[in-house]
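Heads up: the structure comes next, in structure tokens.
The values are calculated or read from the model by the stated rules, or taken from the named source; none is laboratory data. Everything numeric here is computed off the predicted structure, so don't read it as measured data. With ideal geometry, Cβ positions are generated from the backbone for all residues, glycine too; neighbour counts draw on all protein chains shown. In case anyone asks, the SASA skips ligands and DNA or RNA and just uses the protein heavy atoms, side chains included. Shrake-Rupley method; radii C 1.70, N 1.55, O 1.52, S 1.80 Å.
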Amino acid sequence: MRVLAIDTSSNVATVAVMEDELLLGEYILNHKKTHSQKIMTMIEQILSELELTVQDIDIFAAAIGPGSFTGLRIGVATVKALAHATGKPVVSVGTLEALAYNVPYAEHIIVPIMDARRDNVFTASYIWDEGFKEIGEPEAISIDECLESCGEFLDTIFVGDGVKVHRDYIKEKLGDKAIFPPANALNSRASSVAALALDKAKRGETQSYLEMKPYYIRKSQAERELEERENKKKGESK
């Protein structure tokens, strides 16, 4: 079974092709967020280097969120278009789940944190215990709330772009209980999306391209600001 997976949920754009247990290739770019310009070029390039066509892919997978609203829309729309054109199924993979999967067989709790601005993060928690398991559902909370919950654990591994933003504060609050992986495991990797997608496909968790949609958790900043203005107007009119 051959899968092409992408993740455009953050500043990182990444594409991977995996065949069963073998990673055939992976591209990762962490330079400016111009996913709409880069992602198709990356897909075309990796398929060309592997001497494959889109018809040779059995499953298309995308990290569906949470994350950047624009990035998620680009990634999901790209996978849906490829699946529609080829008549192949898709697999939806949570962004936080894929980030945690970057740290295989870890002994500690893994807490991915994605920067959600204004000292907020998208986060969840995972553990390797007779397999890879989610123990805390994805949510959007303040970094303080996140660290309070992490205080319940002896040691916590943090991954995701929120580490760059909050590393010093995390170390200040948790000290030696906070563990940060090396740079190669810190940010989004399409190979993790691909591996999870293959596992899901083997369990029959594939979808039609029509069923795939981004998972935002919360409304976009533009939507929130619009609501704030409308509520303010309502308050002034009373």
Residue-by-residue Karplus 3J(HN,Hα) for region 185-197, coefficients 6.51, -1.76, 1.60, Hz, glycine and proline x:
10, 7, 10, 4, 9, 5, 5, 5, 4, 5, 4, 5, 5
Above 19 angstrom, tally the Cα pairs of region 77-143 and express them as a % of all pairs, no decimals.
47
Can you send over the carbon and sulfur percentage of the accessible area for region 90-169, probe radius 1.4 Å, protein chains only?
44
At 20 °C and 1.002 mPa s, what whole-number value in µm²/s does Stokes-Einstein give for the translational diffusion of region 4-108, with Rh from the Kirkwood sum over Cα pairs?
153
Protection proxy ranking, peptides 94-104, 39-49, 72-82, average beta carbon neighbours within 10 Å, highest first
94-104, 72-82, 39-49
For region 133-188, what percent of Cα pairs sit more than 18 Å apart?
31
Cα convex hull volume per residue for the chain (Å³):
147
For region 65-82, take each phi angle, set θ = phi - 60°, evaluate the Karplus expression 6.51 cos²θ - 1.76 cosθ + 1.60, and give the result in whole Hz per residue in order, putting x for glycine and proline.
x, x, x, 4, 4, 5, x, 5, 4, 5, x, 5, 4, 5, 5, 4, 5, 5
Hey, can you find the accessible area per residue of region 1-116 for me, probe 1.4 Å, expressed in square angstrom?
41
For Asp161, list long-range residues whose amide hydrogen, built 1.01 Å from N in the peptide plane, is under 5 Å from its own amide hydrogen.
Asp115
For region 96-203, would you read off the P(r) tail past 16 Å as a percentage of all alpha carbon pairs?
54
Zone residues, region 45-66, relative to Asp199, backbone N less than 19 Å from point 7 Å out along Cα-to-Cβ
59-66
Backbone HN-Hα couplings from phi across region 168-181 [Karplus 6.51/-1.76/1.60, Hz, Gly and Pro as x]
4, 5, 4, 5, 5, 7, 10, x, 6, 6, 8, 10, 10, x
For region 1-89, which whole-number percentage of the solvent-accessible area (1.4 Å probe, protein heavy atoms only) is attributable to carbon and sulfur atoms?
53
Taking the Cα centre of the chain as origin and charging only Cβ (+1 Lys, Arg; -1 Asp, Glu), how large is the dipole, in debye to the nearest 20?
1100
